[in-house]
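Trainee: First the structure, then my questions, so here it is.
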Ligand code: ZN
């Protein structure tokens, strides 16, 4: 197990366009180890999603998992592409391991259809809604150099974590 160092706001890698993964490398031991390291890092830092640029690797890889009633299964997305969005949008609270201590409201489509390669290199098409869809959009934004801050249209909701817990957490139990 290895916990990787998180690149934080201001690191140039977070603003780069990530390169696609060569499908031939997916089955290689070193790449599989990298996926496990990403999962370990996500769990150790209490995140529900992590994109490779956040551990300073500018590659099109994201991992996510959220346990619990409103959660979603462990998902590893390699070379993901969002191929469809629901017309309906919703506002939800987001935070980011690369943006310490801040949360803010972001409006995004409620549902997405995404295609990707899984850790076996198998091509997958997935429809996701709710928190799962928000997480996919948030993580895939990292692959094009975008942070949730860039998606905020009203900075009046930007809040420090302690104040979020004090004033806002009860309003929305789930947070990215
Ligand atoms: Zn993030």
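The values are calculated or read from the model by the stated rules, or taken from the named source; none is laboratory data. This structure is a prediction, so every number in the text was calculated from the model and none was measured. In this analysis, Cβ positions are derived from the backbone assuming ideal geometry, glycine residues included, and neighbour counts consider all displayed protein chains.
Trainee: Based on what the data block shows, is residue 119 outside any helix (DSSP H, G or I), within 15 Å of the chain's Cα centre (by Cα) and either surrounded by 13 or more Cβ atoms within 10 Å (Cβ to Cβ) or touching a residue at least 12 places away in the same chain (Cβ under 8 Å) (or both)?
Mentor: So residue 119 fails the test.
Trainee: If residue 95 meets every condition in (1) under 17 Å from the mean Cα position of the chain (by Cα); (2) not in a strand (DSSP E or B) apart from one, which number is that one?
Mentor: In the conditions (1) under 17 Å from the mean Cα position of the chain (by Cα); (2) not in a strand (DSSP E or B), residue 95 misses (2) alone.
Trainee: For residue 123, work out the one condition from (1) away from the ligand (no atom under 16 Å from the Cβ); (2) farther than 29 Å from residue 163 by Cα; (3) in contact with a helix residue (DSSP H, G or I) (Cβ under 9 Å, 6 or more places away or on another chain) it doesn't fulfil.
Mentor: Evaluating residue 123 over (1) away from the ligand (no atom under 16 Å from the Cβ); (2) farther than 29 Å from residue 163 by Cα; (3) in contact with a helix residue (DSSP H, G or I) (Cβ under 9 Å, 6 or more places away or on another chain) leaves (3) as the failure.
Trainee: Going by the conditions given, is residue 136 surrounded by fewer than 15 Cβ atoms within 10 Å (Cβ to Cβ) and either more than 11 Å from the ligand (Cβ to nearest atom) or under 15 Å from the mean Cα position of the chain (by Cα) (or both)?
Mentor: no
Trainee: Here's another thing I want to ask about it. Do the conditions hold for residue 114, that is, is it away from the ligand (no atom under 16 Å from the Cβ), over 13 Å from the mean Cα position of the chain (by Cα), surrounded by 16 or more Cβ atoms within 10 Å (Cβ to Cβ) and over 11 Å from residue 134 (Cα atoms)?
Mentor: Yes: the conditions hold for residue 114.
Trainee: Report, by residue number, each residue of segment 45-77 that is modelled with pLDDT of 95 or more and over 15 Å from residue 139 (Cβ atoms).
Mentor: 56
Here is a yes/no grid of residues against (1) part of a helix (DSSP H, G or I); (2) within 14 Å of residue 93 (Cβ to Cβ):
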| position | (1), (2) |
| --- | --- |
| 103 | no, yes |
| 106 | no, yes |
| 139 | yes, no |
| 168 | yes, yes |
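Trainee: To continue, here is another question. Do we have residue 14 as in contact with a helix residue (DSSP H, G or I) (Cβ under 6 Å, 6 or more places away or on another chain) and part of a loop (DSSP other than H, G, I, E, B) here?
Mentor: No: the conditions fail for residue 14.
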